[in-house]
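Contents: one structure, followed by commentary.
The values are calculated or read from the model by the stated rules, or taken from the named source; none is laboratory data. Quick caveat: nothing in here was measured; it's all calculated off a predicted structure. Here the Cβ positions follow ideal geometry from the backbone for every residue, glycine too, while neighbour counts run over all protein chains shown. Just the protein is used for accessible areas: all its heavy atoms, side chains included, with ligands, DNA and RNA removed. Shrake-Rupley method; radii C 1.70, N 1.55, O 1.52, S 1.80 Å.
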Amino acid sequence: MWCIFVAVVFMAPTILIGLLAILWVSPLFLIVVLLSRYLWRKMTYTIDDNVLSISAPLKSLVIGIDSIKKIQRGKYWVERGRNYSATYIKLRIIYDRTNYIYVSPEDEKSFVDTLQALNPNIEYSSERGL
């Protein structure tokens, strides 16, 4: 009986502090998650005058469609700075000689068809079996 009393006295404050910490951090975590989802859904891909414009709330990029060499569809873990995509399944656009970015347009087929209509030399592959 004495051991149970000692365990309750020592464990109860720890459990209460843990619960308070979770309740304190949860709203902040939810705000960060919801804000990041809102920001990533604001990405736009615009094709105008033989130029692909990619814009996100915090960054933007312009690529000449003539410089696009290949588009690969697949599942990519991406590095920081090249990701203009909000999903795990992405299109990897290789342009110039060695530059590449990741995008995820809503209608991939229409996006790729439009780019290939403007530049028939663009190769498209689904190399990862999707």
With a point put 7 Å past each Cα toward its Cβ, work out how far Lys69 is from Val25 in nm, to one decimal.
-> 4.5 nm
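Past 20 Å, Cα to Cα: identify those pairs from Lys42/Lys70; Lys42/Lys69; Lys69/Lys90, in the order given. Spell out each step's value before the answer.
Details: Lys42/Lys70 25 Å; Lys42/Lys69 26 Å; Lys69/Lys90 17 Å.
Lys42/Lys70; Lys42/Lys69, as the Cα separations exceed 20 Å there.
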Within region 88-107, what residues put their amide N at less than 18 Å from the label point 7 Å along the Cα-to-Cβ vector of Ser125?
-> 90-103
Quick tally, 1.4 Å probe accessible area for Leu35, Leu23, Leu58, Leu91, sorted with the most first, runs Leu58, Leu23, Leu35, Leu91
